[in-house]
Number of protein chains: 2
Amino acid sequence: MPEATPVIALHGGAGTILKSNMTPEREAAYHAALRACLEAGLTVLRSGGTSLDAVTASVMELEDNPLFNAGRGAVYTTDATHEMDAAIMTGATRDCGAISGICGPRHPILAARAVMEKTEHVFLAGDGAKRFCETAGLEMQDAEWFGTEQRLSALKAEMERRQSGAADDGDPARKHGTVGAVALDRFGHLAAATSTGGMTAKTPGRVGDSPVIGAGTWADDATAAISATGHGEYFIRQAVGHEIDARMRWAGQDLATAAGSVVSELDVIGGSGGLISVDAKGNIALPFNSPGMYRAWCGTDGVIHTAIYRD
Amino acid sequence: MPEATPVIALHGGAGTILKSNMTPEREAAYHAALRACLEAGLTVLRSGGTSLDAVTASVMELEDNPLFNAGRGAVYTTDATHEMDAAIMTGATRDCGAISGICGPRHPILAARAVMEKTEHVFLAGDGAKRFCETAGLEMQDAEWFGTEQRLSALKAEMERRQSGAADDGDPARKHGTVGAVALDRFGHLAAATSTGGMTAKTPGRVGDSPVIGAGTWADDATAAISATGHGEYFIRQAVGHEIDARMRWAGQDLATAAGSVVSELDVIGGSGGLISVDAKGNIALPFNSPGMYRAWCGTDGVIHTAIYRD
């Protein structure tokens, strides 16, 4: 069997990202960050590594970059704390791991991966999950390490808005913010990874779609690897990741049709956001129904692309 | 449109339930409890209530009965604490609510329902979830209220087994234990509810399939309402609830075929357990691959059945 050409895609969140609110400098910073994070995973793939290692590498870079709402730069809850969620899944075996509601590991995606690789469980949450991270030997950081002035300002602004009774302005930094990566390796195996700080001023304890296997994160070599970003509650109700899998598996749809229709249907019920996906042939689909989605990809042609807006 | 004939089914867990380990008295107690819990929901349906209220009523009864691993009688974690999970979903709108890792509300299923009805969220976990329960005015109980001598003995036995390095004996009280109900009301709407204490001697923070929408709990009027019980990690990887939905929706399978094949495939990969399901026509399927599953049902013929073993 010929080796597959490695393919990778990532996202840094979707939302009301408008060119009119951007400066050229900020736009350039996003493009550069997206490229660097993609290259982290691409380097793994091109040196013969697995899709699991590639999506881990890309998401670690995204988590370390305060531009994105995951790891360092995670948004704040109403308690001004961080509660991070992450999940990872490998398409070869459907092995998966997820963590929710923790602030401690520098890289939440490594915590999710440790749940997958070092426990008999799939999903750990809260204090128990944090204790597991400590015993698993993951690098831990204080809460201050994750915070940024920009995210704290976003929290203050949102709390003041709620206090004043003013209408929601649809600010993307509050509404959405997730990072994720999907990849196909030379062995033909798919993997998906997702990591997030959640929503600014979320209720403590709120779990979104990112760590819900079948909603925000899914991978199966027979169909596709998917990582979603958006208004998580809608993505859970639509079982977004597994629904794309089901349409490919049972209705014979191709990836673009399955992923595109699921995102269009989310739009109809008010669920804004998008997703990145790759199938076992190396096809990539990056549908979103919001004005923008931070994204980068490198398909079978080997060319790196980065994009923010619809075109 | 003619009114649908109400239908309801429930489970009290699946596992290595062997007649050789039962006394006639204990068997009779289970049959009586299953019947009483079914009647709680059936009464709601027969007096014109909704499937959502019916599954809530049945699961509340199951939670209050120490014979079952949910609410009072929930199993213990390795810390000798209780961490309960629950989820509820309504097929008419796909509205749903889930909670995870809490010990406080007497009825975890009411906490899940409050998440659905009183928040913009779907899923709350841990301390934040418990605070929400308090502010939502749910009846709260001390940890002692949930404990029973039998569950504490099971924890001690399991901890001693691990200490000694003895092989796992597949004791059902440790491995599985979940309660759930599914129903069809006269309006043609489906609902599903699931509640559990998890696994005896589970790692604190472990989340099983019960609160994972699409895995242990699912409902859509277009297909079916499903509540699962078993080795949760496998049920998450197979997205059991949503996979049954997908086979009915996209492959045109009937409920018995879809539910039966999913449970058979779980068996192949080592995932033991079962599920209860009902479709919009009132068909019921109760497949399980373990020796027994505590279950009760009342189909369109209006006759109440209770069962424990395979036949």
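The values are calculated or read from the model by the stated rules, or taken from the named source; none is laboratory data. Since the structure is predicted, the reported quantities are computational estimates derived from the model, not experimental observations. Quick reminder, even Gly has a Cβ in these numbers, built from the backbone with ideal geometry, and neighbours come from all protein chains shown. Protein only, heavy atoms only, side chains kept; ligands, DNA and RNA dropped before computing areas. Shrake-Rupley method; radii C 1.70, N 1.55, O 1.52, S 1.80 Å.
Condition (residue is part of a strand (DSSP E or B) and among the hydrophobic types (A, V, I, L, M, F, W, C)) applied to segment A:100-116: is it met by at least one residue?
Within segment A:100-116 (the criterion being part of a strand (DSSP E or B) and among the hydrophobic types (A, V, I, L, M, F, W, C)), the answer is yes, since at least one residue qualifies.
Is there any pair linking a residue in segment A:295-311 that is more than 18 Å from residue A:44 (Cα to Cα) and assigned to a strand (DSSP E or B) to one that is open to solvent by less than 70 Å² (accessible area, probe 1.4 Å) and of a type in the set (Val, Ile, Thr), with Cβ under 9 Å and at least six apart or on different chains, and which?
A:295/A:276; A:295/A:306; A:295/A:308; A:308/A:17; A:309/A:17
Scan segment B:40-83 residue by residue and report those that are more than 14 Å from chain A (Cβ to nearest Cβ), outside any helix (DSSP H, G or I) and aliphatic (A, V, I, L, M).
Correct list: B:67, B:70, B:74, B:75.
Quick check on this structure: which one of A:132, A:123, A:187 is within 14 Å of chain B (Cβ to nearest Cβ), more than 21 Å from residue A:238 (Cα to Cα) and at pLDDT 95 or above?
Within the list A:132, A:123, A:187, the selection yields A:132.
Could you please find all residues in segment A:57-91 being closer than 17 Å to residue A:297 by Cα and open to solvent by 10 Å² or more (accessible area, probe 1.4 Å)?
Matches in segment A:57-91: A:57, A:60, A:61.
Scan segment A:244-256 for residues that are touching a strand residue (DSSP E or B) at 6+ places or on another chain (Cβ under 9 Å) and open to solvent by 20 Å² or more (accessible area, probe 1.4 Å) and jot them down.
Passing the criteria: A:248, A:254, A:256.
Give segment B:18-53 a look and list any residue that's among the aliphatic types (A, V, I, L, M), buried (at least 21 other Cβ atoms within 10 Å of the Cβ) and either within 14 Å of the chain's Cα centre (by Cα) or over 28 Å from residue B:142 (Cα atoms) (or both), or say none.
B:34, B:38, B:42, B:44, B:45
Can you find a residue that is β-branched (Val, Ile, Thr), within 14 Å of another protein chain (Cβ to nearest Cβ) and under 30 Å from residue B:90 (Cα atoms) anywhere in segment A:240-247?
Yes, segment A:240-247 contains a residue that is β-branched (Val, Ile, Thr), within 14 Å of another protein chain (Cβ to nearest Cβ) and under 30 Å from residue B:90 (Cα atoms).
Can you go through B:65, B:21 and tell me which one is free of Cβ contacts under 8 Å to residues at least 12 places away in the same chain and not aliphatic (A, V, I, L, M)?
It is B:21.
Of these, B:101, B:128, which one is open to solvent by less than 50 Å² (accessible area, probe 1.4 Å), touching a residue at least 12 places away in the same chain (Cβ under 8 Å) and over 15 Å from the mean Cα position of the chain (by Cα)?
Only one candidate passes the filter, namely B:101.
Exactly one of these conditions fails for residue B:270: (1) surrounded by fewer than 16 Cβ atoms within 10 Å (Cβ to Cβ); (2) modelled with pLDDT of 95 or more. Give me its number.
With (1) surrounded by fewer than 16 Cβ atoms within 10 Å (Cβ to Cβ); (2) modelled with pLDDT of 95 or more applied to residue B:270, the lone miss is (2).
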